[in-house]
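All remarks here apply to the structure that follows.
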Amino acid sequence: MVQNNNDDIDTLIAISCDAHGLAVVETSFVSHTRRVLYSEHFPQITSFAKARAKLSELVKARGWQQTRCTVVLMPSQYTLLQIDGLPVPDEELLDAVGWKVKDLLPWRRDQTTIDVFKMPPHGPGLQRRRLFVVASETKACLELSSLIEDVGLDLVAIDIYELAVRNLLTLSAHDKNGVACLIVYEGTCSLLMFKKGELYFSRNSDFVEESQMPGFDLAERVALAVTRGFDYYLSQIDQQVPQALAVIQLSSYDNLVSSLNQQLGLDVCAFDINEAFTSSALDSTLYSAAGGVLRFEEEAL
């Protein structure tokens, strides 16, 4: 969403922070090799305000002063909308989109920062053109930028977690013919769908309560959330449902991947985020920051 231009990207730090904790990953890029230099997840730090002291400590301890840093926003920190494309020149697109979505925003239009990226042409004859609209509170963005600057890091980008996951999948073997990614927390999940490195679909869902589906176990209720997302993708986006589902599990649910394999009839596998790196041992709780450090491997927004 926010980008400063600088060609020296040998070392990069990525940070994400929400109710699930603070994730920090540092990597180096040398001769097309991506190596993890540092990684840690702090589950007790659940907001950027609470992260200030820990980040200051890390910057001093690891000598990160003015090291490039990208921040990955999590779904609770922005709104992601899809709208039909607008017949305006590119230089007028942001203003036009702002007026188009102003009644859908949780903040006043003049208090909102908006960015836009295009969904690839799709539908019959590839004639349908839609836009993803990312909206975040301007005050929160400015406070975040100030915090990163205050702790001594050089903020080069603010991105969203959908694109961080895109980076991980694109640099793995999973995204050759389109892939769905399911991120599972306690009681909720996110379903993302990509094709050839492009985001086509994003939906956050709470599991159907067991009381509403008596006799259905958790895997069956998760499978229902995935199936509903697939149905929308097929009918509204007019794309074939991916035949592979990569699962990032951040919950304690046992045997979920094998159960989903049986329920959905797809190639369901646990996604190892280390596939995108050389000689790393990253825990799945670091997925958002791990994708964030791969940002400059992809075309910037």
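The values are calculated or read from the model by the stated rules, or taken from the named source; none is laboratory data. Small disclaimer: the values here were computed from a predicted structure and weren't measured. In this analysis, Cβ positions are derived from the backbone assuming ideal geometry, glycine residues included, and neighbour counts consider all displayed protein chains.
Evaluate the range 213-233: report whether one residue or more is among the β-branched types (Val, Ile, Thr), under 29 Å from Val71 (Cα atoms) and at pLDDT 90 or above.
yes
Could you pull out the residue among Ser145, Ser172, Ser136 that is under 25 Å from Asp18 (Cβ atoms), modelled with pLDDT under 90 and among the hydroxyl-bearing types (Ser, Thr, Tyr)?
Ser172
For the range 131-157, which positions are out of contact with any strand residue (DSSP E or B) (no Cβ under 7 Å at 6 or more places or on another chain) and in contact (Cβ under 8 Å) with a residue 40 or more places away in the chain?
Ala140, Glu143, Leu147, Asp150, Val151, Gly152
Filter the range 287-301 for residues that are touching a helix residue (DSSP H, G or I) at 6+ places or on another chain (Cβ under 7 Å) and of a type in the set (A, V, I, L, M, F, W, C); which is modelled with the lowest pLDDT?
Leu294
Could you run through the range 129-145 and say how many residues are surrounded by 18 or more Cβ atoms within 10 Å (Cβ to Cβ) and acidic (Asp, Glu)?
1
Considering only residues that are within 19 Å of Ile13 (Cβ to Cβ), modelled with pLDDT of 90 or more and touching a helix residue (DSSP H, G or I) at 6+ places or on another chain (Cβ under 6 Å), which ones fall in the range 243-283?
Ile273, Leu282
Taking strands (runs of 3 or more DSSP E) that do not extend beyond the range 18-102, which have at least 2 residues that are of a type in the set (D, E, K, R) and at pLDDT below 95?
Correct list: 33-42.
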